[in-house]
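K.L.:
The structure follows.
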Amino acid sequence: MPKNPITAAIHDPISAILGTRGKVAVMRVLASAANPLQQREVARRTGMALRTVELALDDLLASGIVERLAGGRERLVQVRSSHRLTPSILAVLRAGADHWPALRSELRAAATTPHDPALLSVAVVGRVATRTERIGDPLDLLLLAADGPTAARWVARFASLGDTVATRFGVTLRPIGYGLNAAREMWAVRTSAAEQTVREAERVHGAELLVLLSGG
């Protein structure tokens, strides 16, 4: 099925350049590359099919933000440094790449301020942990503490950050916490889905969930 032609590319160049995930992925790879790349290498780094990369590059080349260079049997491509929009687009790509690390860093800072040895683990679970979240999905945080009251206190602490996180990062925090003994009791009768959630969790602070729940 042929793709729809891009219209008003001069009046709305941002949509023409970054209008699909494929083009964003190609631009991200080219922006981070130290040297011009072959199209096959772009496909390898993005994890996309070569034909998908070729279609994305067709638009990017037509927009002028990417240029071809002579390079053996397969011509090379790179971001055109002289394009008027290049500095701004590169800045947006860098900010996007830092979005999750910055949010994760703030969550880690919250977990360590104040320092509390009774907070045993903070981990991201669910779709955000597996990088399959959709727009509007919450960020699920699982907290394990030495006892129930400590877990409840830390859940309240993270919940209090909700407005700040929503304003700065556009995401809703959804913390849930358990005392270690209660968590291990649930783990003993876990479902396969619960076990998968724990195995896929991304640790933010403290010990790995699987180690704590398994009695390590």
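Rule-based calculations on the coordinates, nothing more; no lab input. The structure presented is a predicted model; accordingly, all values stated were derived computationally and were not measured. Neighbour counts run over all protein chains shown; Cβ positions are idealised from the backbone, glycine included.
K.L.:
What does the convex hull of the alpha-carbon atoms of segment 120-198 project to on average, in nm²?
P.N.:
Numbers: hull surface 21.3 nm².
Averaged projected area of segment 120-198's Cα convex hull equals 5.3 nm².
K.L.:
Order 10-18, 132-140 from most to least packed using the mean count of other Cβ atoms within 10 Å. Walk me through the intermediate numbers first.
P.N.:
Numbers: 10-18: 15.0, 132-140: 13.0.
Order by mean packing, descending: 10-18, 132-140.
K.L.:
Let me ask another. Within a Cβ distance under 14 Å of residue 153, other residues only, what is the Lys/Arg minus Asp/Glu net charge?
P.N.:
Numbers: positive: 157; negative: 116, 147.
Within the 14 Å Cβ shell, the charges total -1.
K.L.:
Moving on to the next point. In bins 10 Å wide, starting from 0, what share of all Cα pairs of the chain does each bin hold, as a percent?
P.N.:
7, 27, 23, 18, 16, 8, 1
K.L.:
Hey, another quick one. How far, in nm, would the chain grow between residue 189 and residue 70 when pulled straight, counting 0.36 nm per residue and subtracting the alpha carbon separation?
P.N.:
Numbers: separation 119, 0.36 × 119 = 42.84 nm, distance 6.20 nm.
Length gained between residue 189 and residue 70: 36.6 nm.
K.L.:
Still on this structure, please answer the following. Name the residues whose placed amide hydrogens come within less than 5 Å of the amide hydrogen of residue 80, ignoring near sequence neighbours (fewer than 5 apart) on the same chain.
P.N.:
Correct list: 66, 67.
K.L.:
Using modelled amide H (1.01 Å from N, peptide plane; none on Pro or chain starts), what sits under 5 Å from the amide H of residue 147, excluding residues fewer than 5 places away?
P.N.:
The answer is 180.
K.L.:
At a Förster radius of 22 Å, what calculated FRET efficiency corresponds to the Cβ-Cβ distance of residue 95 and residue 164, to the nearest 0.05?
P.N.:
Values: r = 18 Å, r/R0 = 0.83.
So the FRET efficiency works out to roughly 0.75.
K.L.:
Largest first, please: the extent of the C-alpha atoms of segment 13-97 along each principal axis, to the nearest Å.
P.N.:
Principal axes ranked by extent give 32, 25, 22 Å for the Cα atoms.
K.L.:
Given labels modelled 7 Å from the Cα in the Cβ direction, how far is it in nm from residue 58 to residue 130?
P.N.:
3.4 nm
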